[in-house]
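S.K.: Submitted below is the structure of interest, expressed as structure tokens.
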Amino acid sequence: MNANALARALSSALSLPITAKSDARTGTTEFRLEGMSRPHGFSIVVTQLLSRVKAELQLDRLAADLLRVIGEAAPERWLQVAEIARAYESLGAQFQILVNGSSVDALTSKELTGNVRTFACTGSLMRTSVDESNSDVFMVSEALFSFIICLLPLDADQETPPELGNVDFTFASEGQKYSVLATKYERSRANRAAAIAVHGNSCVVCQFSFDESYGDLARGYVEVHHLVPVSSMGGARPVDPITELVPLCANCHRMAHRRWPPYTPQELSEARMHSASTQKHFQQCVGIVSEPDIRISPTES
Ligand SMILES: [Zn+2]
Ligand SMILES: [Zn+2]
């Protein structure tokens, strides 16, 4: 995958316009949010080494206002950054997130609020084989974008229908506004990306794959559903993309929300089981095998 294809994949995964520029001499690729003015914003710079991929958040020369906006992020957004880092670490990546020189895990919410002087993020991932699709580059750069996006007024975690609209935030003291036309998802774009990275993008209920049905048109697309309804979470708290978010196709997602609280994926699967035509399909998908195929290893108790 070349730099432009990677930028397109990141743009659709994060629902934000992202551009890329490769430098063959240094082996680096620089990703940026489209339209973000040069001395006031940030880049994600990825270097492909022989044995690993490393990525770094690089703040522009005049990033004081960006840091001020980051400093205004609510404490739970920082906890969310740590949750997202854990999700990508479960896939083998490693990250270092430093605020004012200290690891984000070590800081209290008071130390984090309104007092961000430096912010540094790096990530790395071992390369197990030569990966033509650059999925390793995609993964670490997606993670680093997710961390910073989580802290900017570009992200929220609320149950509203997806709509296309302008997402605005101001990060320069001269009142420069950064505005992008992006899909406002029902889910946080950072959490979505982490959930899809961990769970894949086939519906957990019916196994529908947008990729298989629509190919490039839908690459990486699926809807992401909260197992714990957002409005019953009792105040803002971070979401664990591994245990609390599941990919659902549009049909199953609609069905889930036909009741309050939503039907669980298990309930939806069971409802589908009652339909004879879907029973066989579901059994294939969730690995329920008929009697003669069950093998119990003698070492298992
Ligand atoms: Zn489905
Ligand atoms: Zn939902």
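S.K.: Could you list, in sequence order, the residues of the stretch 55-68 that are acidic (Asp, Glu) and not in a strand (DSSP E or B)?
M.R.: Hits for the stretch 55-68 are 60, 65.
S.K.: Scan (1) of a type outside the set (Gly, Ala, Ser); (2) at pLDDT 65 or above; (3) in contact with a Leu (Cβ under 8 Å, 6 or more places away or on another chain); (4) surrounded by fewer than 17 Cβ atoms within 10 Å (Cβ to Cβ) for the single condition residue 181 breaks and write down its number.
M.R.: Looking at each condition in turn, residue 181 falls short on (2).
S.K.: Of the residues that sit in the stretch 34-54 and are within 21 Å of the chain's Cα centre (by Cα) and not in a strand (DSSP E or B), which one is surrounded by the most Cβ atoms within 10 Å (Cβ to Cβ)?
M.R.: Among those that are within 21 Å of the chain's Cα centre (by Cα) and not in a strand (DSSP E or B), it is 41.
S.K.: Given the criterion among the hydroxyl-bearing types (Ser, Thr, Tyr), touching a helix residue (DSSP H, G or I) at 6+ places or on another chain (Cβ under 6 Å) and assigned by TED's automatic domain parsing to the domain that holds residue 128, identify the matching residue among 51, 11, 22, 37.
M.R.: Sole residue among the options that is among the hydroxyl-bearing types (Ser, Thr, Tyr), touching a helix residue (DSSP H, G or I) at 6+ places or on another chain (Cβ under 6 Å) and assigned by TED's automatic domain parsing to the domain that holds residue 128: 22.
S.K.: Something else: Please verify whether the stretch 86-95 includes one or more residues that are in a helix (DSSP H, G or I), assigned by TED's automatic domain parsing to the domain that holds residue 191, of a type in the set (Ser, Thr, Tyr) and under 20 Å from residue 119 (Cβ atoms).
M.R.: yes
Condition check ((1) under 28 Å from residue 90 (Cβ atoms); (2) at pLDDT below 90; (3) more than 21 Å from the chain's Cα centre (by Cα)) across all residues:
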| residue | (1), (2), (3) |
| --- | --- |
| 232 | yes, yes, yes |
| 246 | yes, no, no |
| 263 | yes, no, yes |
| 270 | no, no, yes |
| 282 | yes, yes, yes |
| 299 | yes, yes, yes |
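S.K.: Could you give me the residue pairs with C-beta distances under 6 Å whose first residue belongs to the stretch 239-254 and is acidic (Asp, Glu), whose second residue is not in a loop (DSSP other than H, G, I, E, B) wherever it lies, and which are 6+ apart or on separate chains?
M.R.: Listed by first residue and then by second, the contacts come to 240/83.
The values are calculated or read from the model by the stated rules, or taken from the named source; none is laboratory data. Just so it is clear, the structure is predicted and the values come from calculations on it, not from any experiment. Cβ sites come from the backbone with ideal geometry, for glycine too, and all protein chains shown count toward neighbours.
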